[in-house]
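Here the structure is laid out as structure tokens; the discussion comes afterwards.
What follows is calculated from the coordinates using simple rules that are stated; it is not laboratory data. All of these numbers come straight from a predicted model, not from anything done at the bench. Reconstructed Cβ throughout: ideal geometry from the backbone, glycine too, with neighbour counts over all protein chains shown.
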Amino acid sequence: MRPDTVLDQIFEKVDRIPNFPETAQRALRLLQDEEVDFRELEKVVRHDAAITANFLKLVNSAAFGLPRKVNTLLQAFSLLGINQIKFVLIASCLGQYLKEPIKGYNLSPQDIWMHSMACGLMAETLAHRAGLHRPENLYTAALLHDIGKIVLGLYVEGELEKLEETLEKNPELTFMQAEWLVLGADHAIVGAELLRRWEFPREVYFAVRAHHDESLMLQTHLAALTALANALVNLMGIGAGVDTFAYHLPEGLLEAAKVTEKDLYPAIVETFEKAEALKATLFA
């Protein structure tokens, strides 16, 4: 089968995935304004009962360190920073795409949920250490970086043995290269295409496209931070799948992400503690 035919079939699957909720898109647009009207934001978010319920469940996790339990969106907004509101909002939408195991990657819904959340938490920590106080679009990219696996999982399941065999015979290949050889695409490019069709900002779907590409991930600060967050969470073993250690990282990634080696251990510790708090809240 020709590669372009394979890609056409994969993107047909992309078109069948439900769109990212319009409620969340509208809320994210409001959050671009530094002087956010929380009452207006609450009016937008409350129309989606599922997002509201997920938001309140997440925000009451110890990971966010609120001084008291909150029962309404307005209470939560008043206690969170803009960055945290964005983080929780996007995370509240992610679960609808993670209801089934991604068998081709040996990932359960809990695995990929925790991996995605941990990448978002790691990105937040790295951004702080890089001096970014309002990292536009970083949490979106970090939380959604592996969404292409949901689509490719439909194809990979039947081809997993071929992928494993290809990597065993060609240990110099990255998992992404093996995906191309066996499937005619990789999960990063499929995820980027999905986010492009959902009309996310270009820098978001570029970062998703770049998070395993050694040359692309160095081209923007957002891409470098997303790739580094993913790599560190993989090393921590959070949500590990069959592909976790089958990637390469380029020299210069820390420099492109604007963090130093001394930042890594504190970032890992902080992310681990927050991820464990989330896990205790969500999967108790």
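Considering only Cα-Cα distances, which of the following residue pairs are longer than 19 Å: 69/99; 13/162; 57/149; 13/86; 99/149; 86/262? Flagged as over cut-off: 69/99; 13/162; 57/149; 13/86; 86/262.
Kindly give the semi-axes, whole Å and largest first, of the ellipsoid equivalent to segment 10-76, taking each as the square root of 5 times a Cα gyration tensor eigenvalue.
Values: eigenvalues 135, 54, 24 Å².
The three semi-axes for segment 10-76 are 26, 16, 11 Å.
Phi-derived couplings, Karplus 6.51 cos²θ - 1.76 cosθ + 1.60 at θ = phi - 60°, listed residue by residue for segment 147-156: 5, x, 5, 5, 6, 5, x, 5, 9, 5 Hz, with x used for Gly and Pro. Grouping the Cα pair distances of the chain into 5 Å bins from zero gives a pair-distance distribution of 1, 6, 13, 17, 19, 18, 13, 8, 4, 2, 1, 0 percent in increasing distance order. Which residues does a label at residue 162 reach in segment 175-213, if reach means a backbone N under 14 Å from a point 7 Å past the Cα toward the Cβ? Once the point is set 7 Å along Cα→Cβ of residue 162, 178-186 turn out to lie under 14 Å by backbone N, inside segment 175-213.
Given the -39500 (n - 2.57) contribution per DSSP H run of 4+ residues, what per-residue ellipticity at 222 nm results for the chain, rounded to the nearest 500 deg cm²/dmol?
Values: 15 runs with 184 residues, N = 284.
My calculation for the chain gives -20000 deg cm²/dmol from helical runs alone.
Which order results if 205, 97 are arranged by neighbouring Cβ count within 10 Å, fewest first?
On the way: 205 25, 97 19.
Least to most surrounded, the residues fall as 97, 205.
Between residue 107 and 102, the built amide H atoms are under 5 Å apart, and every one of these is 5 or more places off in sequence or on another chain. Scattering from segment 204-284 was approximated by placing one identical point on each alpha carbon and applying the Debye formula without solvent; log10 I(q)/I(0) at 0.17 1/Å stands at -0.72. Taking amide H positions as modeled 1.01 Å from N, with prolines and chain starts lacking one, the residues under 5 Å from residue 185 and 5 or more places away or on another chain are 180.
3J(HN,Hα) couplings calculated from phi for segment 112-117 with the Karplus curve 6.51 cos²θ - 1.76 cosθ + 1.60 (θ = phi - 60°) are, in sequence order, 6, 4, 5, 4, 5, 5 Hz; Gly and Pro show x. With respect to the chain, whose longest principal axis is taken over its alpha-carbon atoms, helix 3-16 is tilted by about 30°.
Scalar couplings 3J(HN,Hα) for segment 71-81, obtained by applying the Karplus form with A = 6.51, B = -1.76, C = 1.60 to θ = phi - 60°, are 10, 10, 4, 4, 4, 5, 4, 5, 9, 9, x Hz; x denotes Gly and Pro.
Determine the sum of side-chain charges near residue 269: Lys and Arg each +1, Asp and Glu each -1, restricted to other residues whose C-beta is under 12 angstrom from that of residue 269.
Result for the neighbourhood of residue 269: -3.
The spacing between segment 31-76 and segment 252-274, judged by their C-alpha centroids, is 28 Å.
Which whole-number percent gives the relative contact order of the chain, counting Cα pairs below 8 Å spaced six or more residues apart? Provide the component values of the computation, followed by the final result.
On the way: 377 pairs, mean separation 63.1, N = 284.
Relative CO of the chain lands at 22 percent.
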